[in-house]
Every structure is written in structure tokens, then in C-alpha cells.
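Okay, so here's the structure we're looking at.
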Amino acid sequence: MTLVEDRVAAPEQPPPRRPNRLWALLRNSWRQLTSMRTALVLLFLLAVAAIPGSLLPQRAISAEKVNAYFVQHPKLAPVLDRLGAFEVFASVWFSAIYLLLFTSLIGCIVPRLRDHYRALRAVPPAPPRHLRRLPQYASWSVAGSGDARSGGGDDEEGTARAIAAVLRRRRWRVAVRGGTVSAEKGYLKETGNLLFHVTLLAVLVGVGYGAWYGWHGNRLLVGGADKAFCNTLQQFDEQGLGPRVDDGDLPPFCLELTDFKASYLDSGQPKSFSATVRVDERGRPSRSATFSVNSPLRLHGANVYLLGHGYAPIIRYTDRYGKSLTSIAPFPTTDAMLTGEGVATFQDVNIDPKTGKRDPNQQVAFEGIYLPTMPDQPPYVRSVFPAERSPGLMLIPYRGNLGLEAGIPGSVYQLDQRQIRTGKLKQVGDGKLLRPGEKWTLDDGSSVEFVGSRQFVTLSVRYDPGEKIVLVSSALLLVGLMLTLTGRRRRVWFRVLPADPSAQSPAGGPDPDRAADSNGGTAAPDPALSDPLSESTTARSSFVEAGGLPRTDYSGFAEEFNQLVAAVRRAGTQEESE
Amino acid sequence: MAALSDQLLVVAIFAYLVAMICHAAEYALGNRAMVGRTVVRPARERVLVGAGVGGAGGTGPGAEPPRVEKVPAADVDRGPGRAALAGRIAVAVTVLGALAHLGVITTRGIAADRMPWGNMYEFVLSVTFVGATAWLVVLSRRPAIRHLGLFVALAMVLLLGVAGLVLYTPIVPLVPALNSYWFVIHVTAAVLSSGLLLLAAVPAVMYLIRNGYEQGKRSFPYTLGARVPAAATLERLTFRLHTFAFPIWTFAVMAGAVWAEAAWGRYWGWDPKETWAFISWVVYAGYLHARATPSVKRNVATWIAVLGFATMLMNLFGVNLFISGLHSYAGVN
């Protein structure tokens, strides 16, 4: 991304050498890669490559949607999958584009950093021969000062030094060479530009560092001390660790959900959520903390975010031998009104107390739908309000082998459909709707009771050490961007000449008409201030010409130049009157 | 208050519509005058066009190339006078429209008791208001670009019409996810930058048309360029507006990232809205780089800016209406 116009000096051509083909190829490839045109093409490719990531479901965001896509498009999906279309932002081609882009960026900013460092140390260049050919030009005469008596050249130098002082006060970088003044301003533009590009690299470093050393886990947490959760890998429902993190690196802490509050509008739209937890961190006293959607719980080395919530119905099953077991299983929500669907399984039931033998075909499970607020009329399948106004639990009992011993991993929110298909697990009787406290006796004399419910929250526990790097770099990036977009590099030159036309600059000097105009217009010295030598000083009055060159697109430069010239002339007059 | 807000919306749309008609009248009256001149003195017209082309080539700072529509004083034609009157009326009505527009937003905010940027309807209202206000500010500084008003008013009428007819949502309080002070910061920056980029797209498109016109193209879209300001002026205006809007857009994305960290646990997650914000940012960055590179032609650079605006539109309409993601606050069914 080399800006040709900002180069201080073109690098010198190396002496002609016998061309080495490989070297030439490498050098030309590098030049091609670091050229602006290539960078623009890569930028454009980056934008195009990001599009499929927004149109196709992504595994990193929602694996379920990707699975659904596979079901809907069984032929297309595997092809897309091989192209990495479901993991666009981790795919080889996306990485290739941004890595090439950043290589191009480095190849561009390193020489520019060097050039800018030199430019910062260099003095502004000597004025061009023809100031009048610059976009901005002005000229005027000044009367000679008392120093004129000391003779040749000093007077011009004095005037030049006075001009330089004015420019320095206005924070120009100034160089005085004899009777000429060179000044430059707006270095911050390039400084900001380089800052912007360097911080862009720093953002990438921060993102990479966070990906390597960060981790996250998701967890559904049911209220109550018996359901507390401790931060170890096994306790997460789903987790992702960076390549440089293992289980032992997770900070030890435990959370217990003690309270959850939600408020809703009459339409069911949520107004606020807040979860209260008891936090136990190693080496610290146990404390209570409340957090909500936009204010996460910040712990040492981890942040806990509230993602969602729902209900876990408490179901007590009393088997035919009179033994009771209680299930507090969370029912994940399926809609905005918090209808929950889940299962309650009772593995160790119907054990004959005489033999003490467990019959794997007498296990019991219930498929259920939990409605925090039942509709007034059947069907009782969807809740009509997210808070528990009139809770109801629809249960369908199953008896048989649950298939949990087989060691095949399955969802804890669904019954094993294979067992149902093969007839090992059978539905016994139709479903029944229970209200809190209601009891239902099944055909074999066992009973099930809907005791009540607890709330659950879904949490995301995360740690990203790269965040601070990214934040600081982004802030600096913005500063750099503002500097480079508002900054304007410009140069001005002043040349002080003896008014004697014969001593004027070899470049033809000022236009006599113009000089006369300027002189008549303003800076004629007050005769009263002239000393007795005034006759000779009028002959020694000098002529000043000024030229200005904006080095970047800057429409207001004419105005600034005119103000600057006015300030220089004003200062000149004041000095005379002192 | 809610009803008042809805009524004011009709007033605002109507005002912009009137402004559009007045601008169109100015355009038409001016055109007739020019058509007349072309018939009478075809040779002179060609000379003027030639001068315009030559002037556009040399872009010294502040040097405005002579414009085709400059009518010599000798041309006694009531057209331009009436055209100027229509133009001035158009600007006055635009000011009224913008005031009504401000009223729509304010009353809606009072009725909802929050910042009026909670759903897509309110977002479009705010973005267009920023666009209209920025237009009036730019116009007050450069009265010569008044002819662009026709296209600004057209964009206003279209977007507000879509907002009122398709996106309209009754007032509801914010969902908890939006209940944060970052809501004010992030959405304000997004509204401001979107409004400015919306306005910046107008001179960008007009530059492309005018540039073609100055190169002698006389087929349909280029004929629209007959009476707009010179290509170099339009191009510089396009660049200035983009350099103003781009840092705000950058800030909007960054503020969104900080908020996302607090709300969703990560500062960047390639949510569809984030992805398209990234795409827009990359394309606009490409425009600024192309603009700063002498070897890239100005019309190529401006095409990139227009493409950037297309990605903004995709982010606003495409992502909100057709793609589900975490930013699904549009409230449009």
C-alpha cells in the first residue's frame, strides 16, 4: 500500500548487475505483492470472501443450523463443507487472503516507516527556483531596517529570520538558508497513517493471541445448592479451548444459582433479567453476586455471561415398591413464551426390595412439555406467557430399557429413539396434564407427582487475554485514522531579495507590476519612523516573495496561505515600529 | 405522542415530495432554457461543453472548471430565473421537511421514553434525518450543488416511504439485550455514519453520471448529468463526505465490539450484521486507498464508494429482513 506521492525520495537505482532469474522473480513478486493495486484487490477479495460467512450457517455460531442445512441440502452440503463454507472465517482461503494482505501491508509500511523517520529528521528542502509557478504565490516589499548599515546580505537574513520566527510560532518546521526560508507542516498525516496500519497489525496479533490462549464453555445451571457448578472442563455442556490452554489452566471457582428474576410486558416481551449467584473463588470468602444481560459477572480470569433462561420441573416418581426418586431436569425452551421440552428419566427404579435385583426393562422415563402459563383451552402444547402464571406439565410415560447403559452418547433432553423403535422402550398410556402438586397413578400402581419447578440459566464462561490488546490497538487505530484523514502536508517558502532589480534572483524575479502593486497596497514605511539615513534605506528596502505547495488534497490551502502571508507581513511591520 | 409522530411522518414525506417536485421543476425549467439555446446556437453549446471537459482535467485546488449551465448575461430567458426560484423553494421545503422529520423522531422518543433507535423503523428514520441535515449543512456551505437536491429528496421520499409502509412497528420498550448505555453510543455512531454515507452516495453516483456526460456520453443516465455541478466538484465532495463518515463508522463498529463483549461474551463473532459491517468497512477503506493512489482512476475509486453504499444497504435491509442473527431487533414480521 505504498503511497507514491508521500515518498520523500525515490530509492536510488542499484548499479546494473547480471540478472539472476530467481532473484528477479522473487523481487518482482515481492514488488507486485506490496503494490497498492494488489492490496486493493486483496481488500476486495476479503470483502467478497466474507459474504458466504453471512449467508450460510456457520459452525462456530450455530452448529445446529449447519446440521439442519445438511438435512435440507443433502447433496450440496458435503461439497460446501469440503470447501470450508461452514467455517468461512477459519478456512484456508480466507486465512490466505488476510495473511497475504497483512504481508503486503508489512511490505508497504516498513519502507514507509523508514522514509518517515528520515523525513522527520530532515530539514525542509530549499525553495524551488520559480516560486511563482507554485499553486500559491505572493510578493511584497519591506523597508530596510537599521541593520542595513552593516551592509550586504545581512538585511535579507534578518528579514528571513523574522519570517522564520513567525512560522515557528505557528508550529511550522523551518529551515533558514541565507535569505530564504523553507517551512513544512502536517507530518502528523503520515504519522497517523503509519499508526493506523501498525495498529491494524496489532489488532490481528491481539485476535491471534486471544484465540491461542483463550477458552470458553457453555453451561446450563439449574438453581439450588445441589446443582452448583464448578469450573472444570467436564462440567461444561460445550467448550472450546485455545491450542495453548488445557484443563489445568482454568481458574477454579464454583457458582450456585440462588435467584433469577425476570420481568415481562403484557405481550410477553422481556423487560429485564437478572441472575444472582453465590460465588466461591479459591482463597476468597464466598460472596453473592448479581449479573444480567449487559453486565456480565467478572471473575478472576473468567467472565460469566447470561445467555438465556428457562424452567426445570421437579418430578417425583414413586415406584411400585413405594420408593421415591426426584428428577429436576431442565426443559430447554422452544419459543419466546418459554415452552420447555425435555425428559425426566428414572433409571434405578422398580428394584424388588426382596431380591435387590435391578431389572433393566423396568426403567421409567417421562417425555414432557412444560408450560409456565397454560392456555385457557386445549391443546396444552404451547405456553402463552413466559412467567409462571398457571404452570402445567404434560407428561407421557415410557417403561422399558432406556438404553443408557449401552455407552452410546445421546442427548439428555430426548429419549433414545432407537430403543423406542426397537420396542425396548414402550409408551404406557396417553399423556396427562398435571398442575403443581397433582399426582397421577400409572397402570402398574406407581405414581408420578409434579412437585413444582426451579429456574435455570444458560451461561457462557469465557476468557480472552487478547481483548486488551485489541481494545488498545483499536483506540490507537482510530486516532491514527483521524490524523491521517484530517492532516494536510504542505510546504511554504519565502525568499527575501534586495529590491534592486539587478540583484534579483536568477529565476527572473518578481513581476515588476506585481511588486509595485504590493508595495503601493500595504507595507510602505511610515516616513515619521525613518531615521536620518532613510534616503539610503529606501534604496536598501527588500522584496519578499512567498510560494506555497499543498502536498495532499487540501482545498483550504489558499486561505491558510493568505493568512500566513498576512501574519508574516504584520509581524514585519510591528518589528519596524518597535 | 405516538399518533403525533405518525402524523408528522406523513408531513415529512409530503414535504420531501414537494421539495423533490420543486427541484424537478428547477431541473426542467433549466433544461428547457438549455434546449432552446442548443437549438438556436448549436455551435456555442459545443464550445461550452468542450470548455467543461478541459476544465475538469486540470484540478488545481479551488479552481472550478467552467460549467456548461452558466448562461451568458445576454441570454434573456425567464427560464433560469424561474428555475432558481423553484430551487430556492425546494430548499426551503426541505428545511420544513427536516424539521417535521426531527419532530417524528423526537415525539417517538418521548412516547417510547427512550432513544428512538430501538428497531429498524426508527433506525431508518434517524439515518435519513442525519442524511437530510447533513445535506442542508453541506448545501449552506456550497450553494452551487443545489441541483443534487432532486436526488437527495428522491432518496428521502423512497426511504421514508419504505420505513412508513413496510417497516412500521408500534412503540415498545427495549428488549433487555438493548438496555445498555452502549445502545446510545453504538447506535448513535451507526446512525450518524450511515446517514452521512447515505448522503455521500448521492454525489458519488452523480459524479459517475456527470463524468460520463463530460466525456461526451449522451445516452440516458448521462443526460441527467447535464445540470449538476462539475465532475471535479462532485468528486471532491464525495471524498470529503466519506473521509468525515469513515472514522465515525469505524468508531460505530468498535463501540459495537465493546458492547458485544459485555452482552454476548465476545467482541467479534462474525454475526451476519458484524460480517456485513466488516465488509462495508473493508470496501470503504478500499475506496479511501484507491482515492489516495494516483494510478487508480477517480471513477474507479468512486465506483468502489458506490459499492460500499450497496453493502450498507445490504446490511440494513438484507441482513435485517432475510438473515437471522444476534442483531435481530428489526421488529419487522
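The values are calculated or read from the model by the stated rules, or taken from the named source; none is laboratory data. Since the model is a prediction, treat every value here as computed from it, not as a measurement. Cβ atoms come from the backbone with ideal geometry, glycine included; neighbour counts cover every protein chain shown.
Tabulated results
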read-out: So B:Thr188, is it in a helix (DSSP H, G or I) and either in contact (Cβ under 8 Å) with a residue 24 or more places away in the chain or of a type outside the set (Asp, Glu) (or both); value: yes
read-out: Single condition B:Leu165 does not satisfy, out of (1) more than 14 Å from chain A (Cβ to nearest Cβ); (2) crowded, with 23+ Cβ neighbours inside 10 Å; (3) without any contact (Cβ under 8 Å) to a residue 12 or more places away in the chain; value: (2)
read-out: Breaking point among (1) surrounded by fewer than 19 Cβ atoms within 10 Å (Cβ to Cβ); (2) part of a strand (DSSP E or B); (3) among the polar types (S, T, N, Q), for A:Gln377; value: (2)
read-out: Unique match (being surrounded by 19 or more Cβ atoms within 10 Å (Cβ to Cβ), under 19 Å from B:Leu148 (Cβ atoms) and either at pLDDT below 90 or among the aromatic types (Phe, Trp, Tyr) (or both)) among B:Ala98, B:Ala90, B:Ala112, B:Ala86; value: B:Ala86
read-out: Whichever residue in the stretch B:134-148 is at pLDDT 90 or above and away from chain A (no Cβ under 14 Å) and, among such residues, is surrounded by the most Cβ atoms within 10 Å (Cβ to Cβ); value: B:Trp135
read-out: Any hit, the stretch B:212-228, residues being surrounded by 18 or more Cβ atoms within 10 Å (Cβ to Cβ), in contact (Cβ under 8 Å) with a residue 24 or more places away in the chain, closer than 29 Å to B:Leu150 by Cα and touching an Asp or Glu at 6+ places or on another chain (Cβ under 7 Å); value: yes
read-out: Any hit, the stretch A:211-232, residues being surrounded by 15 or more Cβ atoms within 10 Å (Cβ to Cβ), of a type in the set (Lys, Arg) and under 27 Å from the mean Cα position of the chain (by Cα); value: yes
read-out: Odd one out for A:Ala143, checked against (1) within 21 Å of A:Val544 (Cβ to Cβ); (2) surrounded by fewer than 18 Cβ atoms within 10 Å (Cβ to Cβ); value: (2)
read-out: Filtered residue count, the stretch B:111-125, keeping only those that are among the small types (Gly, Ala, Ser) and in a helix (DSSP H, G or I); value: 2
read-out: Tally of residues being of a type in the set (D, E, K, R) and closer than 19 Å to A:Ser383 by Cα across the stretch A:330-366; value: 2
read-out: Answer residue from the stretch A:53-66, given it is more than 20 Å from the chain's Cα centre (by Cα) and assigned to a helix (DSSP H, G or I) and is surrounded by the most Cβ atoms within 10 Å (Cβ to Cβ) among those; value: A:Val66
read-out: Residue match in the stretch B:237-257 (condition: more than 14 Å from chain A (Cβ to nearest Cβ) and modelled with pLDDT of 90 or more); value: no
read-out: Single condition B:Ala262 does not satisfy, out of (1) within 14 Å of another protein chain (Cβ to nearest Cβ); (2) under 24 Å from B:Val127 (Cβ atoms); (3) of a type in the set (Gly, Ala, Ser); (4) touching a residue at least 40 places away in the same chain (Cβ under 8 Å); value: (2)
read-out: Filter result (within 9 Å of another protein chain (Cβ to nearest Cβ), assigned to a helix (DSSP H, G or I) and crowded, with 20+ Cβ neighbours inside 10 Å) within the stretch B:289-307; value: B:Ala290, B:Arg291, B:Ala292, B:Ile304
read-out: Some residue of the stretch A:308-331 being within 11 Å of another protein chain (Cβ to nearest Cβ), aromatic (Phe, Trp, Tyr) and crowded, with 22+ Cβ neighbours inside 10 Å; value: no
read-out: Selection from the stretch A:437-486 of residues that are under 30 Å from A:Cys254 (Cα atoms) and either modelled with pLDDT under 90 or at the interface with another protein chain (Cβ under 9 Å from one of its Cβ atoms) (or both); value: A:Ser460, A:Val461, A:Arg462, A:Asp464, A:Glu467, A:Val470, A:Leu471
read-out: Candidates B:Gly87, B:Gly103, B:Gly131 - the one that is of a type outside the set (Phe, Trp, Tyr), more than 14 Å from chain A (Cβ to nearest Cβ) and either farther than 19 Å from B:His23 by Cβ or in contact with a His (Cβ under 6 Å, 6 or more places away or on another chain) (or both); value: B:Gly103
read-out: Filter result for the condition that a residue is closer than 27 Å to B:Gly318 by Cβ and at pLDDT below 85, over A:Ala60, A:Ala68, A:Ala49, A:Ala9; value: A:Ala60
read-out: Lone qualifier among A:Val71, A:Val79, A:Val48, A:Val92 - being closer than 30 Å to A:Gly192 by Cα and exposed (fewer than 15 other Cβ atoms within 10 Å of the Cβ); value: A:Val48
read-out: Single unsatisfied condition, A:Phe273 versus (1) within 31 Å of the chain's Cα centre (by Cα); (2) part of a loop (DSSP other than H, G, I, E, B); value: (2)
read-out: Failed item, numbered, when B:Leu316 is tested on (1) modelled with pLDDT under 90; (2) more than 10 Å from every other protein chain (Cβ to nearest Cβ); (3) more than 22 Å from B:Phe183 (Cα to Cα); value: (3)
read-out: Residue check, B:Gly286 more than 10 Å from chain A (Cβ to nearest Cβ), buried (at least 20 other Cβ atoms within 10 Å of the Cβ) and of a type outside the set (Lys, Arg); value: no
read-out: Residues located in the stretch A:260-305, provided they are more than 13 Å from chain B (Cβ to nearest Cβ) and at positive phi; value: A:Gly283, A:Gly301
read-out: Filter pass, A:Gly240 being loosely packed, with under 15 Cβ neighbours inside 10 Å and away from chain B (no Cβ under 13 Å); value: no
read-out: Whichever residue in the stretch B:257-288 is outside any helix (DSSP H, G or I) and out of contact with any Phe, Trp or Tyr (no Cβ under 7 Å at 6 or more places or on another chain) and, among such residues, is farthest from B:His242 (Cα to Cα); value: B:Arg266
read-out: Wholly enclosed strands (runs of 3 or more DSSP E) of the stretch A:278-374 bearing at least 2 residues of a type in the set (Ser, Thr, Tyr); value: A:287-291, A:302-318, A:324-328
read-out: All strands (runs of 3 or more DSSP E) inside the stretch A:73-192 with 2 or more residues being more than 30 Å from A:Leu42 (Cβ to Cβ) and more than 47 Å from the chain's Cα centre (by Cα); value: A:136-142
read-out: Failed item in (1) in contact with a Pro (Cβ under 8 Å, 6 or more places away or on another chain); (2) facing chain A (nearest Cβ under 9 Å), with B:Ala230 passing the rest; value: (2)
